[in-house]
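Here's the structure, in structure tokens; my notes come after.
The values are calculated or read from the model by the stated rules, or taken from the named source; none is laboratory data. Predicted model, so just to flag it, every value in this text is computed and none were measured. Methodologically, a virtual Cβ is constructed for each residue, glycine included, from the backbone with ideal geometry; neighbour enumeration extends over all protein chains shown.
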Ligand SMILES: [Zn+2]
């Protein structure tokens with residue numbers, strides 16, 4: 001038995017976007033927090049190192065301040081733990 005899609009739905013709906021600014025000395029990062037009314041929850045953030053989604057992260061300070069992340073990277077639990085052991 002093969003299941004085939006019968007229809008596709010494209011939704012356009014408003015979401016709530018909040019941008020929070022985190023700063024440590026000269027490093028800074030704007031973190032977007034998006035409330036999705038369809039899911040009735042916030043959307044997950046992606047780890048800068050591995051791309052994994054989640055709600056618990058650490059911010060790693062370092063790197064170039066001219067870089068897109070302005071010297072502050074978002075790390076998931078696994079990548080943050082790896083960075084701590086370096
Ligand atoms: Zn990660």
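Would you confirm whether any residue within region 31-50 is touching a residue at least 40 places away in the same chain (Cβ under 8 Å) and away from the ligand (no atom under 16 Å from the Cβ)? Break it down into steps so the answer makes sense when it comes.
In the first step, residues of region 31-50 are kept if they are touching a residue at least 40 places away in the same chain (Cβ under 8 Å); the result is 31.
So of that shortlist, the ones also away from the ligand (no atom under 16 Å from the Cβ) come out as none.
Among the residues of region 31-50, not one is touching a residue at least 40 places away in the same chain (Cβ under 8 Å) and away from the ligand (no atom under 16 Å from the Cβ), which makes the answer no.
Can we say residue 3 is modelled with pLDDT of 90 or more, away from the ligand (no atom under 13 Å from the Cβ) and loosely packed, with under 14 Cβ neighbours inside 10 Å? No, not satisfied.
Each residue in region 51-86 was checked for being more than 10 Å from the ligand (Cβ to nearest atom), at pLDDT below 90 and within 24 Å of residue 15 (Cβ to Cβ), and 3 pass. Within the option set 59, 17, 21, being within 20 Å of residue 78 (Cβ to Cβ) and part of a strand (DSSP E or B) holds for one residue only, 59.
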